[in-house]
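Chemist: Below you will find the structure I want to go over with you.
A short reminder: the numbers here are calculations on the coordinates, not readings from a lab. Fair warning: this is a prediction, and the values are worked out from it, not measured in the lab.
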Amino acid sequence: MSLQVLKEIRTAVANLNPHEVQAAAERPVHIGLAASSAAGFEALEEFLLPAELISGHKRAAASALVHRAGDADLPDELDIILCEPGFPCPANAYPFDPYQPGETVREILAGHEELGLALARNFHPFRQPVVDHVIHSVSRDNALFSLVTALPDVIPSIIELPWSFTEFASDTAFLTINQIRMAFLIAAASDKPVGYSLQKAEIAGIVTGAFGFRALARELAGKIPFGGGLIPKAAIAYAGTYVEGLGLDRLHRMGYGLSSEERRNSYQAAFERGKGLVEMVMRGMRAGNAA
């Protein structure tokens with residue numbers, strides 16, 4: 001990795017604010033419960049705060065954010081209302097499906113994306129979906145960045161990315177910074193400390209891994225005729241980011257990362273997934289050019 005790339009990474013890191021990520025995760029999220037009986041309320045509470053997965057201290061803190069309809073201390077405003085199955089829900093409420101709880105989680109997250117980190121931090125059913133979304137979305141950003149920066153004639157504004165292209169002189173710097181952002185987001189969603197000094201080992205691993213990105217991208221692709229080496233280059237960016245995310249997720253859940261064999265296997269699967277994503281984007285771009 002060149003000294004210039006390291007300088008770019010350092011400059012960009014200075015513009016990343018882990019405190020903003022931590023603040024988003026620590027935002028109080030008040031959930032109202034609507035049910036017809038004590039048993040109905042208890043079922044909703046058990047969904048949000050499964051006793052077997054949450055310690056007593058954490059359960060008590062999160063319970064303060066859950067309110068039964070009719071409680072004397074009901075907040076003036078509720079962020080989310082969750083209803084017992086069959087209970088007549090208000091227009092802005094979400095019915096709980098005990099047979100497909102994951103669908104309830106997906107609907108709530110789709111309607112309240114800005115609350116994702118806070119929901120994941122406080123309520124276990126939201127944690128893995130939010131982490132999975134972070135990993136996929138950052139991997140996608142990195143793949144698309146690698147693709148469009150290899151196409152000089154592509155107008156950057158056709159694809160939404162979290163930073164301007166002009167801020168980075170190299171793909172490697174962007175990919176690395178975006179992975180550090182991912183590390184902050186995954187830690188916050190996992191109810192772990194967020195920050196440079198608190199995540200030294202994670203960030204060091206990400207920066208070191210940038211060597212691999214650079215070597216593979218140089219070997220398989222560059223700014224060559226449309227499509228020839230662009231797909232593997234972008235798929236590498238997707239796969240490398242995705243595997244990094246899986247390792248961070250494992251670290252926060254279980255205290256250790258992926259083994260070498262798990263990384264290889266996960267990389268192969270993610271490379272194919274990334275290749276499919278990039279091929280789909282390129283087909284759309286070709287169709288747009290032909291129109």
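Chemist: Can you tell me how the range 30-101 classifies by the Cα gyration tensor, rounded, prolate or oblate, using a/c under 1.5 as the rounded cut?
Modeler: oblate
Chemist: Over what distance in Å are the Cα centres of the range 93-137 and the range 17-69 separated?
Modeler: First find each Cα centre; the distance between them is then 13 Å.
Chemist: Straight-line reach from Lys233: which aspartates and glutamates have Cα under 15 Å away, leaving out those fewer than 8 places along the same chain?
Modeler: Once the sequence-local aspartates and glutamates are set aside, what remains near Lys233 is Asp141, Asp171, Glu219, Glu272, Glu279.
Chemist: Let me ask you something else. Remind me, what semi-axes does the range 68-108 give for its equivalent ellipsoid, largest first in whole Å, using sqrt of 5 times each Cα gyration tensor eigenvalue?
Modeler: In descending order, the three semi-axes are 20, 11, 9 Å.
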